[in-house]
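Just below is one structure, and these are the notes that go with it.
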């Protein structure tokens, strides 16, 4: 049998089984979890169970996901990681542009998940190898990974409560001179399925933005997320009329500024450490490609 195996932490005592599994495995939909429960794929301490079962913590959960073979073809790969911080509970990584977060269509290997499994073997016991939030393939910067189930639960709850602070540096087309906030829900684009779009029936999405520097036809902007929707900053800045330089999906067709990817870097991260009291903060400089772009923009008076 292939599948998931993990032990439920005591913090989930009193939860229904289906809710406990959904909390521990946020990468799977409630529908998928209910399907597994309905067809008997879930066992608690090696016994079939009802989704309404109340749990007490410490139960060993086994889920037979043999129908999802592709999702299980993850293997450790010696991919270099830029680790900013690591302790017994978390890893903070500076992800380079071009690295996919986890296996999927067209990317069944060579991902951050494969690298994490090679770096720390025990992550095979953590759903999604401890990944709790994501960056787009061509977005660089900071993200946090859980090394234990209690740490994963803590980080997921912080993300749900919007207490994780994530700040980005974006280089955009146009002169953005005033700070503000975009509060506009996001959903899949009705026509172009690879894109996201503003949709009043979409999921709530809030981005705060602060211009840091402007040129003739460009700006450097700090973006602070309240929510973490797919392509959120890219969609919101395009909605304002200031698309990211180099963005292939939401590009400004009239701009003559060229860049090999969307110019976006997750520069600051603040969390409440799962085991320690108080906050922990990390900040990184712009990667070399964005630094070079910024210097080029500053030197070229025509842009």
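Things worth noting here:
- Annotation: extensible slack from residue 272 through residue 157 equals 40.3 nm (criterion: 0.36 nm per residue apart, minus Cα-Cα distance).
- Simple spin-label estimate for residue 179 and residue 239 in nanometres, 7 Å along Cα-Cβ: 2.0 nm
- The ellipsoid that matches the Cα gyration tensor of the stretch 154-303 has semi-axes, each √(5λ) in whole angstrom, of 27, 21, 12, with the longest given first.
- Cα-based helix-to-principal-axis angle, 149-160 vs the chain, degrees rounded to 10: 50 degrees
- Gain on full stretching of the segment that runs from residue 34 to residue 292 - 0.36 nm per residue minus C-alpha separation: 87.9 nm
- Estimated FRET transfer efficiency (residue 213, residue 258; beta-carbon r; R0 25 Å; 0.05): 0.80
- Cα convex hull of the stretch 219-303, projected area averaged across orientations, nm²: 7.0 nm²
- Subtracting the Cα-Cα distance of residue 87 and residue 46 from 0.36 nm times their residue separation leaves 11.5 nm of extension gain.
- Expected 222 nm ellipticity per residue - DSSP helices of 4 or more, -39500 (n - 2.57), all of the chain, to 500: -5500 deg cm²/dmol
- Virtual spin-label span in nm between residue 299 and residue 194, 7 Å along Cα→Cβ: 3.2 nm
- The stretch 99-159: relative contact order in percent, alpha carbon pairs under 8 Å with at least 6 residues between: 26 percent
- Relative contact order (%) - the chain, alpha-carbon pairs under 8 angstrom, separation at least six: 14 percent
- Scattering curve values for the chain, log₁₀ I(q)/I(0), Debye with Cα scatterers, q = 0.08, 0.09, 0.11 Å⁻¹: -0.39, -0.50, -0.73
- All C-alpha to C-alpha distances of the stretch 3-68, sorted into 5 Å bins beginning at zero, yield P(r) values of 4, 19, 35, 29, 12, 2, 0 percent in whole numbers.
- The relative contact order of the stretch 3-68 comes to 50 percent, based on Cα pairs under 8 Å that sit 6 or more residues apart.
Read-outs: derived from the displayed coordinates by stated rules, not from any lab. Everything numeric here is computed off the predicted structure, so don't read it as measured data. Here Cβ is always computed from backbone atoms with ideal geometry, including for glycine, and neighbour counts include all displayed protein chains.
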